[in-house]
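A short worksheet on the structure shown next.
The values are calculated or read from the model by the stated rules, or taken from the named source; none is laboratory data. Here the structure is a predicted model, which is why all the values come from computation and not from measurement. All Cβ positions, glycine included, derive from the backbone under ideal geometry; neighbour counts span all protein chains shown. Note: accessible area is taken over every heavy atom of the protein model, side chains too, but ligands, DNA and RNA are not part of it. Shrake-Rupley method; radii C 1.70, N 1.55, O 1.52, S 1.80 Å.
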Amino acid sequence: MDPVHDTRACFRALVDAMSRPGTVATAPTEPADHAVLSTLVDHEVTCFTPDETIRTALENEGRLTATEAEQASIVHAPTPGECPVSDLTRGSLKEPSDGATVVYCVDRLETSPTENAGTTLVVSGPGVPGRRRLAVDGFSANDARELADVQSTYPRGVDAVLTTERSIAAIPRSVALEVA
């Protein structure tokens, strides 16, 4: 990943996805979860990742401050069902920005859900005209309900970034999340 151009492009894709929840943006490099982590993680934030490849890359660049998932600012979840999102930090009423950002790896993201398209998420709130539907393969209905429960204490909560090989979608803590 080019530290200037690819990081800038990934940051723009993240901003686009966060400001328009439930839409899908394109990552500049593959895999998208590594691009997102390379963009968000620096020496000032704590990170948890079970992925040895990205952990080594961030350590070699002097950007990784590793910690357990429950204390981390950025949590990498290559297998969504194994990430205890209810145990992650949610910030406080005084500092809601202290809530974690979890980066999930999923199999597929679709903005026009079809039959057999996986779990269909419905988001509403800031940045969403009405309600927006997003189909996600590799993110179970139980994972989505757990995330919705964690986000129900706005402004406290967890920001979620869903990634495939080349796609990025976001579900910030400011939106209401339902499972269709």
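Annotations
- Number of positions in segment 128-180 that are closer than 15 Å to Asp33 by Cα and of a type in the set (Ser, Thr, Tyr): 3
- Residue-level check: of (1) in contact with a Ser or Thr (Cβ under 9 Å, 6 or more places away or on another chain); (2) under 23 Å from Thr153 (Cα atoms); (3) without any contact (Cβ under 8 Å) to a residue 24 or more places away in the chain, Ser97 misses just (1).
- Any hit, segment 18-40, residues being open to solvent by less than 40 Å² (accessible area, probe 1.4 Å), closer than 20 Å to Thr164 by Cβ, in contact (Cβ under 8 Å) with a residue 60 or more places away in the chain and in contact with a Phe, Trp or Tyr (Cβ under 9 Å, 6 or more places away or on another chain): yes
- Residue identified as at pLDDT below 95, open to solvent by 10 Å² or more (accessible area, probe 1.4 Å) and not in a strand (DSSP E or B) among Ala9, Ala57: Ala57
- Annotation: Val75 fulfils all but one of (1) part of a helix (DSSP H, G or I); (2) open to solvent by less than 60 Å² (accessible area, probe 1.4 Å); (3) over 22 Å from Val4 (Cβ atoms); the unmet one is (1).
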